[in-house]
1. Considering Leu125, Leu150, Leu93, which residue is surrounded by fewer than 21 Cβ atoms within 10 Å (Cβ to Cβ), under 26 Å from Thr206 (Cβ atoms) and among the aliphatic types (A, V, I, L, M)?
2. Yes or no: Asp130 surrounded by fewer than 19 Cβ atoms within 10 Å (Cβ to Cβ), away from the ligand (no atom under 12 Å from the Cβ) and farther than 16 Å from Thr15 by Cβ?
3. I'd like the full set of residues that are polar (S, T, N, Q) and either away from the ligand (no atom under 15 Å from the Cβ) or out of contact with any helix residue (DSSP H, G or I) (no Cβ under 9 Å at 6 or more places or on another chain) (or both), limited to the range 30-65.
4. Just checking, how many residues over the range 86-115 are part of a loop (DSSP other than H, G, I, E, B), within 18 Å of the chain's Cα centre (by Cα) and closer than 28 Å to Lys33 by Cα?
5. Just give me the residues in the range 156-175 being touching a Ser or Thr at 6+ places or on another chain (Cβ under 7 Å) and touching a residue at least 60 places away in the same chain (Cβ under 8 Å), in sequence order.
6. Can you report the number of residues in the range 96-106 which are under 19 Å from Lys8 (Cα atoms) and either more than 13 Å from the ligand (Cβ to nearest atom) or open to solvent by less than 10 Å² (accessible area, probe 1.4 Å) (or both)?
7. Name the one entry in Asp116, Asp20 that is surrounded by fewer than 22 Cβ atoms within 10 Å (Cβ to Cβ), at pLDDT below 95 and more than 14 Å from the ligand (Cβ to nearest atom).
8. Step by step: first the residues of the range 177-203, then only those that are open to solvent by less than 70 Å² (accessible area, probe 1.4 Å) and without any contact (Cβ under 8 Å) to a residue 60 or more places away in the chain, then the one that is farthest from Leu131 (Cα to Cα). Which residue is that?
Amino acid sequence: MDYLNINKEAWDKRTKVHVDSKFYDVEAFKDGKSSLNNVELEQMGDVKGKKLLHLQCHFGQDTLSWARQGAIVTGVDLSTEAIEQANKLNSALGLDATFIEKDIYQFGNENSEKFDVVYTSYGVLCWLPDLSQWANVIANSLVSGGEFHLVEFHTFNDLLSGYSYFPCTEPDVEDEGTYTENCDGEKSKMVTWAHSLSEVINALITAGLTIEQFKEYRYSPYNCFEGLEFIAGKGYQMLHKEQQVPLLYAIKARKNS
Ligand SMILES: C[S@@+](CC[C@H](N)C(=O)[O-])C[C@H]1O[C@@H](n2cnc3c(N)ncnc32)[C@H](O)[C@@H]1O
């Protein structure tokens with residue numbers, strides 16, 4: 001199955017919807033609003049002057065938000081539409097980001113540049129069949145002692161929604177709409193893989209990274225799943241049998257010197 005082309009087509013379609021959505025609010029972003037949340041801002045600290053690689057950057061709002069904080073940024077994404085929009089935003093804002101349209105595995109095979117920080121976040125791992133290869137791309141892109149930061153939706157929620165927690169040999173292939181408020185219900189075929197927490201952590205360790213921090217969160221900044229409830233000052237929560245479901249996790253890791 002040509003999963004890359006299937007997902008690329010879906011993300012090209014989704015991006016067109018996303019740039020006009022309130023969810024991504026491009027106008028507010030252009031007016032100076034950051035797309036970054038406290039979770040990644042607190043975890044990553046000061047990025048000024050650092051070379052930062054953003055994997056699966058979508059149409060670049062987070063990448064450009066890091067640039068506004070003084071980082072020297074490169075974003076990589078599979079979607080032609082996303083990279084076109086990211087370049088448009090970059091020009092409109094007079095920033096100096098580099099955006100590369102590529103599958104991250106292919107990027108890893110061709111890239112020789114080294115970065116101080118690699119960042120990836122919110123809905124990235126399910127599109128990747130092989131996390132060992134993913135972790136090697138990260139390790140090979142980092143300078144010795146460089147930092148990796150992942151903020152991801154918690155797989156616990158996938159389990160409660162009826163998906164596998166543990167990795168499967170076959171991916172899920174489904175027709176899905178997108179998660180922004182302005183989608184008209186149009187669906188696209190998408191191919192995704194389940195990845196357990198131990199799979200993520202072990203892939204990073206095996207690639208030569210030391211995990212320095214692992215956190216789980218009860219609140220998500222995004223209203224992008226069914227059944228979420230907004231709690232003022234905190235974000236979105238989900239209850240299961242009256243208990244809070246972990247909605248996000250975050251990993252900070254460092255490439256061994
Ligand atoms: C949910 S988005 C990431 C969210 C991002 N934090 C945001 O909202 O701005 C997932 C992104 O992964 C990209 N993607 C999926 N498979 C990929 C691959 N194999 N290589 C590179 N990018 C990929 C998609 O094009 C999409 O832009």
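The values are calculated or read from the model by the stated rules, or taken from the named source; none is laboratory data. The structure displayed is predicted, hence computed values, not measured ones. Here the Cβ is made from the backbone with ideal geometry for all residues, glycine too, and neighbour counts use every protein chain on show. The area values use the complete protein model at the heavy-atom level, side chains included, leaving out ligands, DNA and RNA. Shrake-Rupley method; radii C 1.70, N 1.55, O 1.52, S 1.80 Å.
1. From the options Leu125, Leu150, Leu93, the qualifying one is Leu125.
2. Numbers: surrounded by fewer than 19 Cβ atoms within 10 Å (Cβ to Cβ): yes; away from the ligand (no atom under 12 Å from the Cβ): no; farther than 16 Å from Thr15 by Cβ: yes.
No: the conditions fail for Asp130.
3. The first filter runs over the range 30-65 and keeps only residues polar (S, T, N, Q), leaving 34-35, 37-38, 43, 56, 61, 63, 65.
Asn37, Asn38, Gln43, listed by residue number.
4. 2
5. The one that is touching a Ser or Thr at 6+ places or on another chain (Cβ under 7 Å) and touching a residue at least 60 places away in the same chain (Cβ under 8 Å): Pro171.
6. Summing the residues that are under 19 Å from Lys8 (Cα atoms) and either more than 13 Å from the ligand (Cβ to nearest atom) or open to solvent by less than 10 Å² (accessible area, probe 1.4 Å) (or both) in the range 96-106 gives 1.
7. Just a single option satisfies the conditions, and that option is Asp20.
8. Here is the first cut: in the range 177-203, the ones open to solvent by less than 70 Å² (accessible area, probe 1.4 Å) are 177-180, 182-183, 185, 188, 190-201, 203.
Adding the requirement that they be without any contact (Cβ under 8 Å) to a residue 60 or more places away in the chain leaves 177, 185, 196-198, 201.
Values: Gly177: 25, Gly185: 31, Ser196: 10, Leu197: 11, Ser198: 11, Ile201: 10 Å.
Taking the candidates together, the pick is Gly185.
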